[in-house]
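The values are calculated or read from the model by the stated rules, or taken from the named source; none is laboratory data. The shown structure was predicted, so the numbers you read here are calculated from the model rather than taken from an experiment. Using ideal geometry, Cβ is built from the backbone for each residue, glycine included, and neighbour counts are taken over all protein chains shown.
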Amino acid sequence: MAATRGVAIVTGSSSGIGQETARALARRGLATVLVARQRDRLEALARELAPYAPSVPLPLDLSHGEDTVDSVLAEATARTGPADVLVNCAGHGMYGSFLDTAADELHTLMRVHYFGPVAAIRAVLPSMRARGRGHVINICSMSSKMGPWGHTGYAAAKAALSTFTESLATEYSHSGVRFSVVHPGLVDTPFFERGDLPRLRVRTERRMIQPELVARTVVGLLDRPRLQTCVPRHYRLVDAIAACSPTLLHRLVARQSRPHALLGGVGDRP
(Lines give C-alpha, C1' and ligand atoms only; values in the text may rest on other atoms or scores of the structure.)
Protein backbone atom coordinates (compact mmCIF):
# COMPACT_ATOMS: atom_id res chain seq x y z
CA MET A 1 0.00 0.00 0.00
CA ALA A 2 1.30 3.47 -0.82
CA ALA A 3 0.18 7.06 -0.50
CA THR A 4 1.67 10.12 -2.16
CA ARG A 5 1.48 12.22 1.00
CA GLY A 6 2.61 9.71 3.61
CA VAL A 7 1.10 7.51 6.31
CA ALA A 8 -0.75 8.65 9.43
CA ILE A 9 -1.60 6.54 12.47
CA VAL A 10 -4.61 7.83 14.40
CA THR A 11 -5.49 6.29 17.75
CA GLY A 12 -9.02 6.56 19.09
CA SER A 13 -10.28 6.81 15.52
CA SER A 14 -13.58 5.00 16.05
CA SER A 15 -15.35 8.20 17.15
CA GLY A 16 -15.03 11.83 18.15
CA ILE A 17 -11.80 13.75 17.60
CA GLY A 18 -9.94 10.70 16.32
CA GLN A 19 -12.56 9.89 13.71
CA GLU A 20 -12.71 13.46 12.42
CA THR A 21 -8.92 13.69 12.39
CA ALA A 22 -8.68 10.51 10.32
CA ARG A 23 -11.19 11.95 7.86
CA ALA A 24 -9.27 15.21 7.57
CA LEU A 25 -5.95 13.43 7.05
CA ALA A 26 -7.39 11.08 4.43
CA ARG A 27 -8.86 14.01 2.51
CA ARG A 28 -5.37 15.48 2.56
CA GLY A 29 -4.13 12.33 0.84
CA LEU A 30 -2.47 10.47 3.69
CA ALA A 31 -2.93 6.74 4.07
CA THR A 32 -4.42 6.11 7.51
CA VAL A 33 -3.93 3.38 10.08
CA LEU A 34 -7.08 3.50 12.20
CA VAL A 35 -6.47 2.36 15.77
CA ALA A 36 -9.20 1.72 18.35
CA ARG A 37 -10.89 -1.17 20.12
CA GLN A 38 -14.11 -1.38 18.07
CA ARG A 39 -13.44 -3.31 14.88
CA ASP A 40 -16.82 -2.68 13.24
CA ARG A 41 -16.52 1.10 13.51
CA LEU A 42 -12.97 1.04 12.20
CA GLU A 43 -13.91 -1.08 9.21
CA ALA A 44 -16.81 1.23 8.37
CA LEU A 45 -14.54 4.27 8.58
CA ALA A 46 -11.88 2.57 6.44
CA ARG A 47 -14.48 1.98 3.71
CA GLU A 48 -15.54 5.62 3.93
CA LEU A 49 -11.96 6.87 3.58
CA ALA A 50 -10.94 4.51 0.77
CA PRO A 51 -11.90 6.95 -2.04
CA TYR A 52 -9.47 9.52 -0.60
CA ALA A 53 -6.50 7.34 0.40
CA PRO A 54 -5.73 3.78 1.49
CA SER A 55 -6.89 2.98 5.01
CA VAL A 56 -6.18 0.08 7.37
CA PRO A 57 -8.43 -0.69 10.36
CA LEU A 58 -6.35 -1.87 13.32
CA PRO A 59 -8.32 -3.08 16.37
CA LEU A 60 -6.00 -2.52 19.32
CA ASP A 61 -6.26 -1.59 22.98
CA LEU A 62 -3.29 0.68 23.65
CA SER A 63 -3.40 -0.13 27.36
CA HIS A 64 -2.26 -3.72 26.69
CA GLY A 65 1.40 -2.78 27.03
CA GLU A 66 4.31 -1.63 24.93
CA ASP A 67 5.28 -5.05 23.56
CA THR A 68 1.80 -5.65 22.15
CA VAL A 69 1.46 -2.13 20.77
CA ASP A 70 4.91 -2.27 19.19
CA SER A 71 4.34 -5.60 17.44
CA VAL A 72 0.86 -4.73 16.17
CA LEU A 73 1.87 -1.31 14.84
CA ALA A 74 4.99 -2.82 13.27
CA GLU A 75 2.81 -5.31 11.42
CA ALA A 76 0.48 -2.54 10.22
CA THR A 77 3.26 -0.23 9.01
CA ALA A 78 4.86 -3.15 7.17
CA ARG A 79 1.77 -2.99 4.97
CA THR A 80 1.43 0.78 4.70
CA GLY A 81 4.99 1.97 4.97
CA PRO A 82 6.52 3.75 7.99
CA ALA A 83 4.44 6.35 9.81
CA ASP A 84 4.98 9.99 8.94
CA VAL A 85 2.34 11.22 11.38
CA LEU A 86 1.08 9.84 14.70
CA VAL A 87 -1.96 11.43 16.31
CA ASN A 88 -2.85 10.13 19.78
CA CYS A 89 -6.57 10.76 20.28
CA ALA A 90 -7.67 7.75 22.33
CA GLY A 91 -9.69 8.89 25.32
CA HIS A 92 -11.44 7.59 28.40
CA GLY A 93 -13.13 9.81 30.97
CA MET A 94 -14.31 9.70 34.55
CA TYR A 95 -16.06 12.46 36.46
CA GLY A 96 -16.39 12.66 40.22
CA SER A 97 -14.62 13.67 43.39
CA PHE A 98 -11.27 12.12 44.22
CA LEU A 99 -12.49 10.16 47.25
CA ASP A 100 -15.29 8.66 45.18
CA THR A 101 -12.88 7.50 42.47
CA ALA A 102 -11.42 4.02 42.93
CA ALA A 103 -7.68 3.53 42.64
CA ASP A 104 -8.06 1.16 39.70
CA GLU A 105 -10.04 3.83 37.83
CA LEU A 106 -7.15 6.26 38.28
CA HIS A 107 -4.76 3.61 36.97
CA THR A 108 -6.99 3.09 33.92
CA LEU A 109 -6.90 6.80 33.12
CA MET A 110 -3.12 6.82 33.30
CA ARG A 111 -2.82 3.73 31.11
CA VAL A 112 -5.13 5.12 28.42
CA HIS A 113 -4.00 8.75 28.39
CA TYR A 114 -0.31 8.42 29.19
CA PHE A 115 1.17 4.93 28.88
CA GLY A 116 -0.86 4.11 25.75
CA PRO A 117 0.45 7.12 23.80
CA VAL A 118 3.95 6.48 25.15
CA ALA A 119 3.80 2.95 23.72
CA ALA A 120 2.59 4.19 20.34
CA ILE A 121 5.33 6.83 20.21
CA ARG A 122 8.03 4.33 21.12
CA ALA A 123 6.81 2.12 18.28
CA VAL A 124 7.11 4.81 15.56
CA LEU A 125 9.80 7.20 16.77
CA PRO A 126 12.88 5.11 15.80
CA SER A 127 11.75 5.04 12.16
CA MET A 128 10.91 8.74 12.15
CA ARG A 129 14.28 9.56 13.65
CA ALA A 130 16.14 7.34 11.18
CA ARG A 131 14.42 9.08 8.25
CA GLY A 132 14.83 12.54 9.76
CA ARG A 133 11.16 13.44 9.54
CA GLY A 134 7.82 12.83 11.19
CA HIS A 135 5.26 14.52 13.41
CA VAL A 136 3.77 13.29 16.69
CA ILE A 137 0.63 15.11 17.80
CA ASN A 138 -0.86 14.35 21.20
CA ILE A 139 -4.39 15.41 22.06
CA CYS A 140 -4.35 16.59 25.65
CA SER A 141 -6.91 18.81 27.39
CA MET A 142 -7.40 22.24 28.88
CA SER A 143 -8.13 20.43 32.14
CA SER A 144 -4.41 19.66 32.41
CA LYS A 145 -3.76 23.41 32.64
CA MET A 146 -6.37 24.31 35.24
CA GLY A 147 -7.49 21.29 37.29
CA PRO A 148 -11.29 21.57 37.23
CA TRP A 149 -13.59 19.81 39.68
CA GLY A 150 -14.12 16.09 39.12
CA HIS A 151 -11.07 15.56 36.88
CA THR A 152 -8.31 14.58 39.32
CA GLY A 153 -7.29 11.44 37.44
CA TYR A 154 -8.04 12.67 33.93
CA ALA A 155 -6.30 16.04 34.30
CA ALA A 156 -3.24 14.45 35.88
CA ALA A 157 -2.90 11.90 33.07
CA LYS A 158 -3.23 14.58 30.40
CA ALA A 159 -0.72 16.79 32.21
CA ALA A 160 1.73 13.88 32.20
CA LEU A 161 1.27 13.45 28.44
CA SER A 162 1.70 17.17 27.85
CA THR A 163 4.98 17.48 29.74
CA PHE A 164 6.20 14.20 28.21
CA THR A 165 5.63 15.70 24.76
CA GLU A 166 7.55 18.83 25.69
CA SER A 167 10.49 16.73 26.89
CA LEU A 168 10.47 14.74 23.65
CA ALA A 169 10.54 17.99 21.68
CA THR A 170 13.66 18.97 23.62
CA GLU A 171 15.40 15.60 23.30
CA TYR A 172 14.80 15.32 19.56
CA SER A 173 14.92 18.99 18.60
CA HIS A 174 17.60 18.37 15.94
CA SER A 175 16.22 15.08 14.60
CA GLY A 176 13.72 16.47 12.10
CA VAL A 177 10.84 14.96 14.09
CA ARG A 178 8.20 17.41 15.31
CA PHE A 179 6.10 17.15 18.46
CA SER A 180 2.88 18.99 19.23
CA VAL A 181 0.30 19.13 22.02
CA VAL A 182 -3.29 20.14 21.32
CA HIS A 183 -5.36 21.28 24.30
CA PRO A 184 -9.07 21.25 23.42
CA GLY A 185 -11.75 22.61 25.67
CA LEU A 186 -15.04 20.75 26.01
CA VAL A 187 -15.72 18.79 22.81
CA ASP A 188 -19.09 17.35 21.78
CA THR A 189 -18.17 13.66 21.45
CA PRO A 190 -19.34 10.25 22.76
CA PHE A 191 -16.71 10.75 25.49
CA PHE A 192 -19.47 12.39 27.53
CA GLU A 193 -21.84 9.43 27.26
CA ARG A 194 -19.93 7.26 29.74
CA GLY A 195 -20.24 6.86 33.49
CA ASP A 196 -21.08 10.07 35.32
CA LEU A 197 -20.01 12.31 32.44
CA PRO A 198 -23.56 12.93 31.11
CA ARG A 199 -24.26 15.14 34.12
CA LEU A 200 -21.21 17.22 33.24
CA ARG A 201 -22.47 17.48 29.67
CA VAL A 202 -25.82 18.89 30.82
CA ARG A 203 -24.03 21.70 32.64
CA THR A 204 -21.52 22.53 29.90
CA GLU A 205 -23.20 21.74 26.59
CA ARG A 206 -23.52 25.37 25.55
CA ARG A 207 -19.72 25.76 25.72
CA MET A 208 -18.88 22.63 23.73
CA ILE A 209 -17.13 22.76 20.37
CA GLN A 210 -17.38 20.26 17.53
CA PRO A 211 -14.64 17.66 16.97
CA GLU A 212 -14.17 18.90 13.40
CA LEU A 213 -12.62 22.09 14.79
CA VAL A 214 -10.01 20.09 16.67
CA ALA A 215 -9.33 17.96 13.58
CA ARG A 216 -8.74 21.08 11.48
CA THR A 217 -6.29 22.31 14.09
CA VAL A 218 -4.42 18.99 14.00
CA VAL A 219 -4.09 19.06 10.22
CA GLY A 220 -3.03 22.70 10.35
CA LEU A 221 -0.09 21.74 12.56
CA LEU A 222 1.36 19.70 9.70
CA ASP A 223 1.78 22.91 7.71
CA ARG A 224 2.61 25.23 10.61
CA PRO A 225 4.12 23.13 13.42
CA ARG A 226 3.82 24.46 16.95
CA LEU A 227 4.70 22.80 20.21
CA GLN A 228 1.43 23.73 21.87
CA THR A 229 -1.95 25.09 20.84
CA CYS A 230 -5.39 25.50 22.39
CA VAL A 231 -8.81 24.96 20.83
CA PRO A 232 -10.65 27.32 20.76
CA ARG A 233 -7.84 29.86 20.57
CA HIS A 234 -9.26 32.12 23.28
CA TYR A 235 -8.27 29.47 25.84
CA ARG A 236 -4.72 30.77 25.46
CA LEU A 237 -5.84 33.35 28.01
CA VAL A 238 -5.59 30.59 30.62
CA ASP A 239 -1.79 30.66 30.36
CA ALA A 240 -1.76 34.44 30.63
CA ILE A 241 -3.94 34.39 33.74
CA ALA A 242 -1.84 31.61 35.29
CA ALA A 243 1.33 33.60 34.64
CA CYS A 244 -0.11 36.66 36.36
CA SER A 245 -1.89 34.92 39.22
CA PRO A 246 -2.23 31.14 39.65
CA THR A 247 -4.53 31.81 42.60
CA LEU A 248 -6.90 33.85 40.46
CA LEU A 249 -7.03 31.11 37.84
CA HIS A 250 -7.77 28.51 40.51
CA ARG A 251 -10.62 30.59 41.91
CA LEU A 252 -12.13 31.15 38.46
CA VAL A 253 -11.93 27.47 37.55
CA ALA A 254 -13.31 26.35 40.90
CA ARG A 255 -16.25 28.71 40.57
CA GLN A 256 -17.06 27.61 37.02
CA SER A 257 -16.46 23.87 37.31
CA ARG A 258 -17.71 22.83 40.73
CA PRO A 259 -21.28 21.45 40.43
CA HIS A 260 -23.58 23.61 42.53
CA ALA A 261 -25.82 20.61 43.11
CA LEU A 262 -22.99 19.00 45.09
CA LEU A 263 -22.22 21.93 47.34
CA GLY A 264 -22.14 20.58 50.85
CA GLY A 265 -21.93 17.03 49.42
CA VAL A 266 -19.10 14.77 48.44
CA GLY A 267 -16.93 17.65 47.29
CA ASP A 268 -16.81 19.01 50.84
CA ARG A 269 -15.68 15.90 52.64
CA PRO A 270 -13.06 16.66 55.27
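What to note about this one:
- Of residues in region 72-100 being among the polar types (S, T, N, Q) and more than 22 Å from the chain's Cα centre (by Cα), the one nearest to Val112 (Cα to Cα): Ser97
- Candidate set from region 102-128 (those that are out of contact with any helix residue (DSSP H, G or I) (no Cβ under 6 Å at 6 or more places or on another chain) and of a type in the set (Val, Ile, Thr)); member that is surrounded by the fewest Cβ atoms within 10 Å (Cβ to Cβ): Thr108
- Residues of region 120-157 classified as among the aliphatic types (A, V, I, L, M) and closer than 20 Å to Arg5 by Cα, total: 6
- Residues that are without any contact (Cβ under 8 Å) to a residue 60 or more places away in the chain and charged (D, E, K, R), drawn from region 54-113: Asp61, Glu66, Asp67, Asp70, Glu75, Asp104, Glu105, Arg111
- Scope region 21-47; condition over 18 Å from Arg5 (Cβ atoms) and not aliphatic (A, V, I, L, M); matching residues: Arg37, Gln38, Arg39, Asp40, Arg41, Glu43, Arg47
- If the condition is being crowded, with 22+ Cβ neighbours inside 10 Å and of a type in the set (S, T, N, Q), then region 21-62 contributes Thr21, Thr32, Ser55.
- Inside region 104-150, residues that are under 18 Å from Arg37 (Cβ atoms) and of a type in the set (Asp, Glu) make up a count of 1.
- Subset of region 15-37 [farther than 15 Å from Glu212 by Cα and more than 17 Å from the chain's Cα centre (by Cα)]: Gly29, Leu30, Ala31
- Meets criteria (modelled with pLDDT of 80 or more and either part of a helix (DSSP H, G or I) or in contact with a strand residue (DSSP E or B) (Cβ under 7 Å, 6 or more places away or on another chain) (or both)) for Arg251: yes
- Against the test of being of a type outside the set (Gly, Ala, Ser) and free of Cβ contacts under 8 Å to residues at least 12 places away in the same chain, the options Arg23, Arg47, Arg5, Arg39 yield a single qualifying residue, Arg47.
- Scanning region 48-66 for residues that are farther than 11 Å from Gly116 by Cα and either among the hydrophobic types (A, V, I, L, M, F, W, C) or modelled with pLDDT under 85 (or both) yields Leu49, Ala50, Ala53, Val56, Leu58.
- For region 140-192, filtering for residues that are over 23 Å from Leu106 (Cβ atoms) and among the aromatic types (Phe, Trp, Tyr) leaves 2.
- Members of region 71-101 found to be on the phi > 0 side of the Ramachandran plot and surrounded by fewer than 19 Cβ atoms within 10 Å (Cβ to Cβ), listed by number: Gly81
- Among the residues of region 130-174, those that are part of a strand (DSSP E or B), crowded, with 23+ Cβ neighbours inside 10 Å and in contact with a Phe, Trp or Tyr (Cβ under 9 Å, 6 or more places away or on another chain) comprise Val136, Ile137, Asn138.
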